[in-house]
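Contents: one structure, followed by commentary.
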């Protein structure tokens, strides 16, 4: 029983050390992300999500590992954020953008649903119906164009000359 208690509670010193490292890593990450001038979570692309998850893993593991110093975690964190910023800047080069960003896919064109692109985007027909309802449309026939954007959202455009339905 004392071994179990020892595993659950090993004193205040390691806990305080972990809290200080977590705060230091958080401040390091916040400052680094602030300098990169990136987008909000709502605008994340897949490579943004990969970076965010990896940063969380580095902060969490470094903060709770007695054998990993803040400097080691900060070096990994800053390297990851610098690599992310470099890729974000390189996205202005067309071939890099094609590698990093998923392509825009047409899901509906002139009321016709493209089942193949729906499958490529991992959307079911029911998913598409829900998206259309969120945009105030009942069926694909009501839509001129629906695009699966690089950020994973669907943009819906009405037929020319029709007014926006009230939602």
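Of note:
- Angle between the chain longest axis and helix 46-64 axis [Cα atoms, degrees, rounded to 10]: 20
- Comparing the stretch 1-99 with the 2.2 N^0.38 Å rule of thumb, its C-alpha radius of gyration ratio is 1.37 (two decimals).
- Note on residue 27 and residue 106: their simple-model spin labels are 5.4 nm apart, each label 7 Å out from Cα toward Cβ.
- The slack in the chain from residue 83 to residue 10, taken as 0.36 nm per residue of separation less the alpha-carbon distance, amounts to 22.6 nm.
- Candidate values (1) 23.2, 76; (2) 29.2, 105; (3) 16.3, 44, label of the one derived for Rg and Dmax of the Cα atoms in Å: (1)
- Relative contact order of the chain, defined on C-alpha pairs under 8 angstrom at six or more residues apart (%): 18
- Relative contact order (percent, whole number), the stretch 1-99, Cα cutoff 8 Å, 6+ residue spacing: 33
- Between residue 149 and residue 68, the C-beta separation translates, for a Förster distance of 35 Å, into a calculated FRET efficiency of about 0.35.
- Fluctuation leader among 12, 70, 49 - the chain, Gaussian network, Cα springs under 10 angstrom: 12
- Using 0.36 nm per residue and subtracting the Cα-Cα separation, the extra length available between residue 35 and residue 98 on full extension is 20.1 nm.
- Mean separation of Cα contacts under 8 Å, 6 or more apart, over the residue count of the stretch 105-158: relative contact order %: 41
- 0 to 90° range, to nearest 10: angle between helix 12-36 axis and the chain longest Cα axis: 40
- With R₀ fixed at 41 Å, the C-beta to C-beta distance from residue 47 to residue 159 puts the FRET efficiency at about 0.75.
- Helix-only arithmetic for the chain: the sum of -39500 (n - 2.57) across DSSP H runs with n ≥ 4, divided by the residue total, places the mean residue ellipticity at 222 nm at -18000 deg cm²/dmol.
- On Cα atoms only, tilt of 70-90 relative to the major axis of the chain in degrees: 20
- Whole-number D in µm² s⁻¹ for the stretch 105-158, Kirkwood Cα-pair radius fed into Stokes-Einstein, 10 °C, 1.306 mPa s: 150
- Build a GNM of the chain with springs between Cα atoms under 10 Å apart, and of 101, 127, 85 the one that fluctuates most is 127.
Just so you know, all these numbers are worked out from the coordinates, no wet-lab data involved. The structure presented is a predicted model; accordingly, all values stated were derived computationally and were not measured. Note that we place each Cβ from the backbone using ideal geometry, even for glycine, and neighbour counts take in every protein chain shown.
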